[in-house]
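Bear in mind that the values in this text are calculations on the coordinates, not laboratory data. Remember, predicted model here, so these are calculated numbers, not experimental data. In this analysis, Cβ positions are derived from the backbone assuming ideal geometry, glycine residues included, and neighbour counts consider all displayed protein chains.
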Amino acid sequence: MTDTDAVSQPVILLVVGGDPVAPVRLPASLRRGSVVVAADSGLDRLAGGLRAHHVVGDLDSVSDAALRHARAEGAEIHRHPADKDATDIELALDLVVHELVPATGLRSLLVVGGGAGRLDHLLADVLLLASPALASVEVTARLGAATVSIVRPGAARTLVGGPHEQVSLLPLHGPAERVATTGLRWPLVDAHLAAGTTRAMSNEFSGGPASVGIGAGVLAVIQPGTTAPPIDPRPTPYDPTIPAPQGDPT
């Protein structure tokens with residue numbers, strides 16, 4: 001799915017707010033049956049004929065004009081107090097998990113945002129997308145220039161990128177086990193990635209589609225939108241199968 005293509009199947013589209021000057025990469029159109037959710041000022045980012053079905057948040061940053069228009073178009077407004085225990089994005093994800101997925105049967109979530117602004121918010125957003133609450137949903141996010149694909153056991157993801165486009169695999173909430181990739185310059189085969197490791201940073205597409213699968217844990221696969229400069233191959237052998245440390249129960 002490219003930035004401008006219509007998505008290939010009905011999805012839940014969550015558009016988030018944040019830094020107003022950062023561009024967003026909305027799909028050109030959605031398949032019939034899709035549901036559009038705006039988290040607060042994410043409503044102001046909607047364009048190209050996309051209409052919000054739900055607006056969620058304390059609504060402290062959305063424009064009055066956008067909110068009036070959404071109401072007139074029939075959007076359901078889920079207003080929360082400003083003194084709350086969760087971010088607007090977490091509140092929107094709660095709506096997705098507890099109401100929209102059961103009601104629609106949709107299992108594909110596309111999150112679109114600027115990817116800029118406060119670092120704590122950005123980190124929290126990525127951790128939320130990899131949370132156990134979303135384990136039954138295929139999650140993809142376009143955050144600024146970056147694309148984030150969440151990979152879980154039993155659901156390998158196919159990625160599209162140009163030659164030498166960079167891609168990083170980051171284990172979240174613990175280690176990722178039995179990681180296997182195809183279509184990348186440095187393959188991983190039955191690999192163990194400890195939480196906090198940089199071992200799978202800055203890999204590269206080898207020229208076609210790639211795939212990433214895992215046996216346990218959860219991965220955030222990040223395509224930052226950058227291309228790697230040429231580097232010489234290493235003179236020593238490369239072992240793609242580094243196992244878990246001795247004594248690790250996994």
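Here the gap between GLN9 and THR182, fully extended at 0.36 nm per residue and compared with their Cα-Cα distance, gives a gain of 59.8 nm.
Using a Förster radius of 22 Å, what is the FRET efficiency between ALA145 and ALA47 based on their Cβ-Cβ separation? Nearest 0.05, please. Efficiency at R0 = 22 Å is approximately 0.75.
Over all pairs of different C-alpha atoms in segment 1-144, the reciprocal of the mean inverse distance, the Kirkwood hydrodynamic radius, equals 15.0 Å. If you average the sequence gap of Cα pairs under 8 Å that are 6 or more apart and divide by the length of segment 150-250, what percent do you get for the contact order? About 40 percent, as a whole number.
Scale the Cα Rg of segment 113-153 by the rule-of-thumb value 2.2 N^0.38 Å and send over the ratio, two decimals. Walk me through the intermediate numbers first.
Numbers: Rg = 10.5 Å, N = 41, 2.2 N^0.38 = 9.0 Å.
Ratio of Cα Rg to 2.2 N^0.38 Å: 1.16.
Sequence-distant contacts, meaning Cα pairs under 8 Å at least 6 residues apart, place the relative contact order of segment 1-144 at 28 percent. The gain in end-to-end length when the LEU123 to ARG32 segment is fully stretched comes to 29.5 nm, 0.36 nm per residue minus the alpha carbon separation.
A helix-only calculation puts the chain at -3500 deg cm²/dmol for mean residue ellipticity at 222 nm, using -39500 (n - 2.57) for each DSSP H run of at least four residues, averaged over all residues. Could you grab the Rg to Rh ratio for segment 150-250? Cα atoms only, Kirkwood for Rh. On the Cα set of segment 150-250, Rg over Rh gives 0.96. Suppose the Debye formula is applied to equal point scatterers at every Cα of segment 60-130; what is log10 I(q)/I(0) at q = 0.23 Å⁻¹? Rounded to two decimals, the profile gives -1.34. One chain, two ends: ALA72 and HIS164. Fully extended at 0.36 nm per residue, the span grows by 28.4 nm beyond their Cα-Cα distance.
Note on ALA82 and ARG199: with the Förster distance fixed at 41 Å, the Cβ-Cβ geometry gives a FRET efficiency of about 0.45.
In this rough spin-label picture, where each label sits 7 Å from Cα along the Cβ direction, the ASP190-ASP64 distance is 6.5 nm.
Roughly speaking, what is the centre-to-centre gap between segment 143-173 and segment 34-59 when only Cα atoms are used, to the nearest Å? Distance between centres, Cα-based: 25 Å. Shape summary of the chain, radius of gyration then Dmax from alpha carbon positions: 19.1, 65 Å.
The modelled label-to-label distance between THR104 and SER136, using points 7 Å beyond Cα along the C-beta direction, is 1.5 nm.
Contact order for the chain, expressed relative to its length and based on alpha carbon pairs under 8 Å spaced 6+ residues apart, stands at 16 percent.
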